[in-house]
Amino acid sequence: MRSILPARHRALLAVAGLCLSAAFGAAHAADPVKAVASFSILGDIVREVGGDDVSLTTLVGPDGDAHEYEPTPGDAKKLSAAQVLFVNGLDFETWLPKLTKASGFAGKTVVASQGVTPRKFAGHGDAGKHDDHDHDHDHHDHGHGREDGHHHHGDADPHAWQNLANGVIYARNVAEGLAAADPAHADNYRQRANAYIAKLQALDANAKKTFSAIPAERRKVVTSHDAFGYFGDAYGVAFISAMGVSTDAEPSAGEVAAIIEQVKRERVPAVFVENITSPKLVQQIARETGAKVGGTLYSDALSKSGQPGATYLEMFEWNVRQLAAALQP
Ligand code: ZN
């Protein structure tokens, strides 16, 4: 009996708890939807579309690296209470399935990139335009211990938000995901999404105009990791990445030498550091080639507030402006 009674008590408490939460839920039907976004750029899109109707938590924050994120117990707690989870998809958040399982998340998952045309990794961030260099970046994917977070060649490139046309798809998916979770405010979500999409499309047109005014042979840059393939395809800029697809692989001395050779041979005008990676490698390439350091690009995360890339629109506009300034003859 001694062992049964406490179990009965627990069961009664659990039932009481369920009744309480049901009553609480009914009494607060107008409470904002509890949403979680996996990383800062997507979080900003959810905030734009969700407005006051959504209470949002973002897991990987500003300047954070979502390739290599280690979830905290606090993240599991946030997820367990969430009604909707917004993820990028395309194997970007490799750490997320384990977290959602551990958290007991029972809400709906919305894949923001659903419907984009996935880009395959053609070379390593060079949009297939410079396939004549002789180093083999398959080495990046091997021998670095942590296997779970890797994106292997042949996989889809996860960085789809780097094309604003895809950002429009993200915003629509976010709006429909919120409308499904909270039908009472469906019109609000769709209206906010439409207004936001108009801004994304205006910036998209502006970016295309900006780069088409720069001579094609000047439109080449080096970045540290392979995050700008979609950008390159959409706006006609060739990106050469020093590190490969993910952010955890250090290139070998031979690979760095080959990139330096390529930058010299192709007269790449500028190299850029990123807000989520160490600037050392890119600075070394600049030193040894005479290419100028064009500044910082926002690749996989927003900046902290008060810095130039604190929203998706701001970070994109900043990247366009920095790149265009560096590539101008
Ligand atoms: Zn990345």
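Please treat every number below as a calculation from the coordinates, not as lab data. Quick caveat, the model's predicted, so the values are computed rather than measured. Note that we place each Cβ from the backbone using ideal geometry, even for glycine, and neighbour counts take in every protein chain shown.
Quick look at the values:
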quantity: Some residue of segment 275-294 being crowded, with 19+ Cβ neighbours inside 10 Å, closer than 21 Å to Ala160 by Cα and touching a helix residue (DSSP H, G or I) at 6+ places or on another chain (Cβ under 8 Å); calculated: no
quantity: Residue within segment 86-93 that is loosely packed, with under 15 Cβ neighbours inside 10 Å and touching a residue at least 24 places away in the same chain (Cβ under 8 Å) present; calculated: no
quantity: Residue ranges of strands (runs of 3 or more DSSP E) in segment 35-130 with at least 3 members in contact with a Lys or Arg (Cβ under 9 Å, 6 or more places away or on another chain); calculated: 54-60
quantity: Criterion: touching a strand residue (DSSP E or B) at 6+ places or on another chain (Cβ under 8 Å) and among the small types (Gly, Ala, Ser) - qualifying residue of Ala227, Ala258, Ala310; calculated: Ala227
quantity: Residue list for segment 222-264, restricted to those being part of a loop (DSSP other than H, G, I, E, B), more than 12 Å from the ligand (Cβ to nearest atom) and at negative phi; calculated: Val237, Ala242, Glu250, Pro251, Ser252
quantity: Members of segment 236-264 that are hydroxyl-bearing (Ser, Thr, Tyr) and buried (at least 24 other Cβ atoms within 10 Å of the Cβ); calculated: Ser241
quantity: Verdict on Phe231 being under 24 Å from Asn319 (Cβ atoms) and buried (at least 24 other Cβ atoms within 10 Å of the Cβ); calculated: yes
quantity: Segment 187-221, residues that are buried (at least 16 other Cβ atoms within 10 Å of the Cβ) and either at positive phi or assigned to a loop (DSSP other than H, G, I, E, B) (or both); calculated: Ile214, Arg219
quantity: Test result for Leu323, away from the ligand (no atom under 16 Å from the Cβ), closer than 18 Å to Gly236 by Cβ and either in a strand (DSSP E or B) or touching a residue at least 40 places away in the same chain (Cβ under 8 Å) (or both); calculated: yes
